[in-house]
Amino acid sequence: MDIEFYQKLSEAILSWFINHGFAQSTAETLRTISIFAVIILLSVAVDFVFRKIIIAIVARIIKKTKNKYDDIFLERKVFSKLAHIAPVLVVYFLLPTAFPDSNLFLSFLEDICFVFIAFNILFVLIAFMDALHDIYNQFPISQNRSIKGYVQLFKIIFYIFTFLAIISIIFNINMTKIFTGIGALAAVLILVFKDTILGLVASVQLSGNDMVKPGDWISMPKYNADGDVIEINLTTVKVQNWDKTISTIPTYALVSDSFQNWRGMSESGGRRIKRSINIDMSSVMFAPPEMLKKFKTFHMLKDYVNKKEIEIEEYNKKLNIGENEVYNGRRMTNLGIFRKYLENYLKQHPKIHQDMTFLVRQLQPTDKGIPLEIYVFSNDQAWANYEAIQADIFDHVLAIIPEFGLRVFQAPTGSDFKNLRV
């Protein structure tokens, strides 16, 4: 429909009112009101047809298909939001019929229609991006690579372009001039959107370098974060701590600051046990014959003690060292035998990973004794189970130590001094 058609239709309606006895000014007012009312009714009718009939038919077709992806577009209401554009287009194209002689007011109403159309297109694009994100989350790769930051970036771009388009329409300014003005304000915009820009760069680095992903267990003491990552977006990373609180970390902080990602532990199949117990140095001694005899009755030590006795005896004989020459020859110690006992005990433990680092070692002696460290990995990574395994091992260690003539170092307490007699 062109301008001549609008003018002819408007003149025909005006003539009809005049022929029915209305004055010229009254007829013009009635013509405008009646045409505008008809336009509104038509737009409502078109909106009803699209939302209640066409969208309903599309929904039925989509639900019958085997493809699940189109269901996501339906759930995100992409088609419903798209249907809202139709009634606005009806109003826009029919407005010249109602206001043929009022170019200024007609232009104002057309600008309003453009604004509504721009907003509707924006809502359609936002819903479309959300639907694409939901579809991406259906694929296994989404567990390793989150694209939420990119989705949010595109949404920001859509918002900016919509805002600029509306300014261009309302104030009748060329988009090129608007972009030129924005270029002049670039320094201010960088300050305003600093976190967003830093977050964008950081999210690209995090995703590209596979530094962190949803589901990873990370620790970041600076932000009191220690738990599972539940969301990564353009500006923040949300971590659900083990006490069920939520810590929010700026995305760029994961690039600029250090954090610990426990994913490697999770993927390895083991969880490290690294704990030591301090042995009183004054309880360490060469194992006398009666002690060695007792150790030979231990299932986990008898082969080791017998083999070690033969090895030491052969060594001492080669050097003509008598059995009573303790200071010259080699002898087994209660601490060395205890360390071997722990190794054998842990090798037979069903909850210890045998294919990962396995150490029972002495650390540097201190004024608190000799630290005897157990450095192994449990094959159960669940926190509660891991703590139970660790506790069971050291319960056994503390209980068995006296059998080797050793003592655990412990700083004296009030009860120790209470039992002293002056």
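Taken as a whole, the structure places S276 among residues that are assigned by TED's automatic domain parsing to the domain that holds V397, in contact with a strand residue (DSSP E or B) (Cβ under 7 Å, 6 or more places away or on another chain) and of a type in the set (S, T, Y).
Results for (1) surrounded by fewer than 17 Cβ atoms within 10 Å (Cβ to Cβ); (2) in the same structural domain as M356 (by TED's automatic domain parsing); (3) closer than 20 Å to Q152 by Cβ, shown as yes or no for each residue.
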residue: V239; (1), (2), (3): no, no, yes
residue: K244; (1), (2), (3): yes, no, no
residue: Y252; (1), (2), (3): no, no, yes
residue: N261; (1), (2), (3): no, no, no
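The lone criterion from (1) of a type outside the set (S, T, N, Q); (2) surrounded by 14 or more Cβ atoms within 10 Å (Cβ to Cβ); (3) under 38 Å from the mean Cα position of the chain (by Cα) left unmet by D257 is number (2).
Select from the range 277-315 the residues that are in a strand (DSSP E or B) and buried (at least 16 other Cβ atoms within 10 Å of the Cβ) and list them in ascending order.
I277, N278, I279, listed by residue number.
For the range 228-273, the set of residues classified as charged (D, E, K, R), under 30 Å from R361 (Cα atoms) and in contact with a strand residue (DSSP E or B) (Cβ under 6 Å, 6 or more places away or on another chain) consists of R271, R272, listed by residue number.
Please verify whether the range 305-313 includes one or more residues that are in contact with a helix residue (DSSP H, G or I) (Cβ under 8 Å, 6 or more places away or on another chain) and closer than 24 Å to S378 by Cα. For the range 305-313, residues in contact with a helix residue (DSSP H, G or I) (Cβ under 8 Å, 6 or more places away or on another chain) and closer than 24 Å to S378 by Cα: absent. Among the residues making up the range 228-261, those that are out of contact with any Ser or Thr (no Cβ under 7 Å at 6 or more places or on another chain) and in a loop (DSSP other than H, G, I, E, B) are N233, W242, D243, K244, T245, Y252, D257, S258.
Taking the range 356-394, which residues are of a type outside the set (A, V, I, L, M), assigned to a loop (DSSP other than H, G, I, E, B) and either in contact with a strand residue (DSSP E or B) (Cβ under 9 Å, 6 or more places away or on another chain) or closer than 11 Å to R272 by Cα (or both)?
T357, F358, Q364, P365, K368, N379, D380, Q381
The values are calculated or read from the model by the stated rules, or taken from the named source; none is laboratory data. This structure is a prediction, so every number in the text was calculated from the model and none was measured. Here the Cβ is made from the backbone with ideal geometry for all residues, glycine too, and neighbour counts use every protein chain on show.
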